[in-house]
Amino acid sequence: MATTATGKQAGSTTGTEAAPGIAGYARLAQGELDAFVRLLEQLSPEDWDRPTPCSLWTVRDIVAHQAGHVQMGSGFRGFVAQLDPRALRPYQKQGMRALDALNQYQVDKRRERSTSELIAEVREGTPRSIAARARLNPVARNMPVPAPGFGLVRLGTLLHRIFPRDMWIHRLDIADATGREIELTPGHDGVLVAQAVEDVDRQVVKKARGLSFTLELTGPAGGTWVLGRGTEAGPAVRMDVPDFMRRTSGRATAEATLPRVDSTGPEASTLRCLEALQCLY
């Protein structure tokens, strides 16, 4: 069976690199913060107003959204404090789901802040948020919270595992919007990608029963995995890390991704594999 770049089989729970524990998750979140801020500091004034793959948001809006995550990601109290029904009600009246309403509220309340203030809020607030997550008690950490499209997840999983991934995909959004190449390293990005692959594998097993295929992600943060639990070997699908993350986050459809991959299987089989690439961000 093919293995990950860290030597762990997809679907296994015996590895430590992709599930690093609370201290490891804290280092991963700090590493993503550092990479995110490095990108922001490269932006020109014109870049902040560029549209992004998040159709309602500019680059500036994405950074405001991440600044909002500082409080929400600080633990149970910070998470609950963001769920003010009075603030979210106007957005929900427009037809927004609760999560979308919360995200837009975070953006709108920062409209008057300068770009330097937004960067400072992300840079200075996120380490405090990371430290608060590490102090989260076991009861709160295991509390189930809704994740639209993915059922319920533990609050600890959302804060430790998903929040850094959310910052990562928004770093890619900004890179795409401004024509920059995203910075990728095996030691940091490779772990985040391996976590995403593990979560995708769970979705493949759950929602695409009988499907099995080899996934090869190219580049310094990539690796090779066998996904699914099908009895018959499926195609080998090869793509780069950014395309994988765009697809699994829903930024690119399976059909739009298809011309960008290499596959040993027929188009219909490859398309089925791409449709199964989904995980929580």
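The values are calculated or read from the model by the stated rules, or taken from the named source; none is laboratory data. Since we're looking at a predicted model, the values are computed, not measured. All Cβ positions, even for glycine, are placed from backbone atoms using ideal geometry, and neighbour counts span all protein chains on display. Areas reflect the complete protein model, heavy atoms only, side chains present, ligands, DNA and RNA absent. Shrake-Rupley method; radii C 1.70, N 1.55, O 1.52, S 1.80 Å.
So here's what we get for this one:
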quantity: ³J(HN,Hα), Karplus 6.51/-1.76/1.60, whole Hz, each residue of region 93-99, x for Gly, Pro; calculated: 5, 7, x, 6, 5, 4, 5
quantity: Additional length obtainable on full extension of the chain from R38 to R180, 0.36 nm per residue less Cα span; calculated: 49.9 nm
quantity: The chain, dipole about Cα centre (Lys/Arg Cβ +1, Asp/Glu Cβ -1), debye to the nearest 20; calculated: 1220 debye
quantity: 5 angstrom amide H check on T58, placed H, neighbours 5+ away; calculated: none
quantity: Sulfur and carbon atoms: percent of accessible area, the chain [1.4 Å]; calculated: 52 percent
quantity: Contact order normalised by residue count of region 152-281, Cα under 8 Å, 6+ apart, percent; calculated: 24 percent
quantity: The chain, relative contact order in percent, only Cα pairs under 8 angstrom and at least six apart counted; calculated: 22 percent
quantity: J(HN,Hα) series, region 198-209, from Karplus relation 6.51 cos²θ - 1.76 cosθ + 1.60, nearest Hz, glycine and proline x; calculated: 4, 5, 4, 4, 5, 5, 4, 4, 6, 10, 10, 4
quantity: Calculated diffusion of region 111-209, Stokes-Einstein form, Kirkwood radius summed over Cα pairs, 10 °C and 1.306 mPa s, µm²/s; calculated: 100 µm²/s
quantity: Kirkwood-based shape ratio for region 196-281, expressed as Rg/Rh from alpha carbons; calculated: 0.91
quantity: Dimensionless Rg/Rh of region 175-244 - Kirkwood Rh, Rg from C-alpha atoms; calculated: 1.04
quantity: Note, ³J(HN,Hα) from phi for region 213-218, Karplus 6.51, -1.76, 1.60, rounded to Hz, x at Gly and Pro; calculated: 7, 9, 10, 10, 10, 8
quantity: Charge dipole (debye, nearest 20) of region 145-232; +1 at Cβ of Lys and Arg, -1 at Cβ of Asp and Glu; calculated: 480 debye
quantity: Dimensions in Å of region 45-195 - Rg and Dmax from alpha carbons; calculated: 15.7, 46
quantity: Modelled label reach - T115, point 7 Å along Cα→Cβ, region 20-64 residues with backbone N closer than 12 Å; calculated: 40-50, 59-61, 63
quantity: Amide hydrogen neighbours beyond the local backbone of S212, cut-off 5 Å, H modeled; calculated: G230, G234
quantity: Length released on extending from M96 to R229, taking residue separation times 0.36 nm less the Cα-Cα span; calculated: 44.2 nm
quantity: Sequence-distant residues sharing a close amide H with D240 (under 5 Å, placed H); calculated: T218
quantity: Convex hull per residue volume in Å³, alpha carbons only, for the chain; calculated: 129 Å³
quantity: Mean projected area in nm² (Cα convex hull; one quarter of hull surface) for region 127-281; calculated: 10.0 nm²
